[in-house]
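Undergrad: Can you read through this structure? Questions will come right after.
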Amino acid sequence: MLRGYYTSATAMLAQSRRMDVITNNLVNVETAGFKSDTLVTRSFRDMLISRLNDPSVYQYSNVGPHNLGIHVDQVYTSFTQGSLDETLNPTDLALAGEGFYVIDYIPASAGQNEELNYEPETRYTRSGNFNVDANGYLVTPNGCFVQGQDGPVYVGTSDFSVSTDGTVYVNGEEAARLRVVKFEDNTVLRKAGDNTYTVYGATDENGELITAAEPEDIIPEIRQYFLETSNVDEARETVRMMETYRAYEVNQRMVTMFDESIRLTVNEIAKF
Amino acid sequence: MFQPLHTGSLGLIMQQRNIDVIGNNVANVNTDGFKKSRYDFQDTLYTRMFNKVDNSEYMNLQRGTGTREYQTIKLFEQGAMRSTDRLLDVMLEGKGFFAVENSNPQAEDGSDTYLYTRTGNFYISMVEGSPYLVDANGSFVLNENMERIIVEDPANLAISPDGTLSVTNGEGITDILTKLAVVNFVNPAGMSSVGQNYYALTENTGEGIEPEANVRQGYLESSNVDYAQEVVRLIRAQRAYQIAARCVTTADQMLGVANQLRA
């Protein structure tokens, strides 16, 4: 079969995947703490084309390399700092540097059904729009506890203050310190929805995470009364969307042209 | 379904809801005691794209599925003080709420017997022959024991910063009546807005705590909506809406291109 047919088809598939990632970035342009994704594609390994049945040579000779198309390689999340938006809300805590908050994640639906006895999972987030729950603890809007150095952070009311290094003051006294961690290699993080990240790293034979994926605690730079906006650059994503669309279109033309060639081959040339 | 089409449409729907919240804020820019809301977003479930070539599981190959409401949070910043010089107008300077009796309780467990408000324009209403202190909707304003308040001589009524109501007659004799209910909760943002400037308790509100508010007679608290800020938020929401619409259009065009593979 015409190899080019499949090459162009791989390109269409890859551009379609790229479109998925771009549109997700664009609709999350107002999501606090959101980090932009980029899809990286890669060519298949080059194949060598050989010359067969050529009476002028005595053995196979190589014509040259040929490529079979592209495939999606990986999604790269860019953790550049988003700009800070002043909200004047005391429970909004923006991270103005590296690092992630640590939360005890329970899916919002499971929290309501106590019989499920859901074990909280450690997740990480950049989104600092927190609330105070009915018992006075600092939580995310989905009800997950935000971790301090000694467990969940009790603030009592929404009348607390947080200094730049993460110390929480309730009624003027130091009550807790927020836990902020940093990863040596951010590529171990996977987005998991609800503005959270999980760690996805290599595990050894016992199922334990290999150390490179362990976070380390750091002294953060936290700004109370601010939220970090998403770092999506609408202009760049829109241009990428246009490029993706045109690449999709041009490869569709290629496929159609190959289809036309085959049609000619089958119907015209082979006519008898 | 073609994922970008769905993602783009979620963007449109959620920005529409954002604009609804902004519109409600702007419509209440002159409502005394009104507290503005803000709509926040979160991203949704990520799925893994398939990479047949390299089976290494450790490459990040996620694609997102759009956006969703994270929270619609009520912001209790203090509104501006507005002087009215009317003896029955009060405002709370600080954290706390007035309590009124719910004239139409719905909950079977009695949880909405009382409603709470920041709007302090009160009036005298004759009910069964007695002059009761009521609010603009006719609901009885309550004292610290959650009882109705009778005010015989409203023309000489004084309300001190801690909420004590007193009447001083012509001879200079002061008669202390009672104290206004001023309450606060662990999580006021967890109260639900039930209209007419009232808030009702929910399971997220938490228990009552000491309020930190001064009662100011002769003043009303303006709405805390900052018009300029809402306009900026509206511009951002409209821009995001346009971008989401562009995603939907482009996704649709891509589907059209695919359809033309075999015209």
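Just so it is clear, none of the values below were taken in a lab; they were calculated from the coordinates. If you're wondering where the values come from, they're calculated on a predicted model, not measured in any experiment. Positions of Cβ are generated from backbone atoms using ideal geometry, with glycine treated the same way; all protein chains shown enter the neighbour counts.
Undergrad: Please give the average number of partner chain Cβ atoms lying within 10 Å of the Cβ of each residue in B:3-14, rounded to a whole number.
TA: Neighbouring Cβ atoms belonging to other protein chains average 5 per residue here.
Undergrad: Something else now. Give the aspartates and glutamates reachable from residue B:179 as a straight Cα distance under 17 Å; neighbours fewer than 8 places away on the same chain don't count.
TA: Cα-Cα hits under 17 Å: B:89, B:93, B:101, B:135, B:144, B:147, B:152, B:153, B:162, B:210, B:212.
Undergrad: Pick from A:136, A:64, A:193: which residue has the top mean-square fluctuation in a GNM of chain A where Cα pairs under 10 Å get a spring?
TA: Of A:136, A:64, A:193, the Gaussian network model singles out A:64 as fluctuating most.
Undergrad: Using alpha carbons only, how many degrees (0 to 90, rounded to 10) separate the axis of helix A:234-263 from the longest principal axis of chain A?
TA: 30 degrees
Undergrad: Then there's this: Using mean Cβ contacts within 10 Å as the protection proxy, how do B:182-192, A:231-241 order, highest first?
TA: B:182-192, A:231-241
Undergrad: Let's see if you can work this out: charge +1 on each Lys and Arg Cβ, -1 on each Asp and Glu Cβ, no other charges. What is the dipole magnitude of the range B:55-94 about its Cα centre, in debye to the nearest 20?
TA: In debye, rounded to 20, the range B:55-94 gives about 180.
Undergrad: Along the charge dipole of chain B, pointing to its positive end and built from +1/-1 on Cβ of Lys, Arg, Asp and Glu, which listed residue (B:248, B:224, B:121) has its Cα farthest out?
TA: Selected residue: B:248.
Undergrad: Give me the dipole magnitude in Debye, nearest 20, for the range B:115-239 about the Cα centre, with unit charges on the beta carbon: positive for Lys and Arg, negative for Asp and Glu.
TA: So the magnitude is around 740 debye.
Undergrad: Dividing the Cα radius of gyration by the Kirkwood radius, what Rg/Rh value follows for the range B:100-244? Each step should come with its number before you reach the end.
TA: On the way: Rg = 19.1 Å, Rh = 17.7 Å.
The Rg/Rh ratio comes out at 1.08.
Undergrad: Which residue, B:180, B:155, B:18, has the largest displacement toward the positive end of the dipole of chain B when charges sit on each Cβ (Lys, Arg +1; Asp, Glu -1)?
TA: B:18
Undergrad: Next up: Across all directions of projection, what mean area in square nanometres is found for the Cα convex hull of the range A:137-272?
TA: Mean projected area of the Cα convex hull: 15.9 nm².
Undergrad: Measure nothing but the geometry: give the 0 to 90° angle between the long axis through the Cα atoms of A:3-27 and the longest principal axis through the Cα atoms of chain A, rounded to 10°.
TA: Between the helix axis and the principal axis of chain A, the angle is about 20 degrees.
Undergrad: What 222 nm value per residue comes from the helices of the protein assembly as shown, counting each DSSP H run with n ≥ 4 as -39,500 (n - 2.57) and dividing by all residues, nearest 500 deg cm²/dmol?
TA: Helix contribution divided over all residues of the protein assembly as shown: -7500 deg cm²/dmol.
Undergrad: Roughly speaking, what % of Cα-Cα pairs in the range B:126-201 are separated by over 16 Å, rounded to a whole number?
TA: Of all Cα-Cα distances in the range B:126-201, 60 percent exceed 16 Å.
Undergrad: Looking at the calculated P(r) for the range B:47-129, what percent of the C-alpha pair distances fall above 22 Å?
TA: 62 percent
Undergrad: Now for a different question. Which cross-chain or sequence-distant (5 or more) residues have an amide H under 5 Å from the amide H of residue A:230, H modelled 1.01 Å from N in plane?
TA: Under 5 Å from the amide H of residue A:230: A:31, A:33, A:34.
Undergrad: Another one. For the protein assembly as shown, what is the charge dipole size about the Cα centre, in debye to the nearest 20, if Lys and Arg each add +1 at the Cβ and Asp and Glu each add -1 at the Cβ?
TA: Its charge dipole is roughly 3360 debye.
Undergrad: Express the C-alpha Rg of the protein assembly as shown as a ratio against the empirical globular expectation 2.2 N^0.38 Å, rounded to two decimals.
TA: Numbers: Rg = 31.2 Å, N = 535, 2.2 N^0.38 = 23.9 Å.
With N residues counted in the protein assembly as shown, Rg over 2.2 N^0.38 Å equals 1.30.
Undergrad: While we're on this one: Could you name the lysines whose alpha carbon sits less than 17 Å from that of residue A:35, not counting residues in the same chain fewer than 8 places away?
TA: Cα-Cα hits under 17 Å: A:182, A:191.
Undergrad: When Cβ neighbours within 10 Å are restricted to other protein chains, what is their mean count per residue of peptide A:135-142?
TA: Partner-chain Cβ atoms within 10 Å, mean over residues of A:135-142: 3.
Undergrad: Could you give log10 I(q)/I(0) at q = 0.13, 0.17 Å⁻¹ for chain A, computed by the Debye formula over C-alpha point scatterers of equal weight, without solvent?
TA: -0.94, -1.32
Undergrad: Another question, if that's okay. Hey, how many Å between the Cα centroid of the range A:138-160 and the Cα centroid of the range B:204-239?
TA: Here the answer is 23 Å between Cα centres.
Undergrad: On a 0 to 90° scale, report how tilted helix B:227-259 is relative to the longest principal axis of chain B, with both axes built from alpha carbons and the result rounded to the nearest 10.
TA: Its long axis makes an angle of about 20 degrees.
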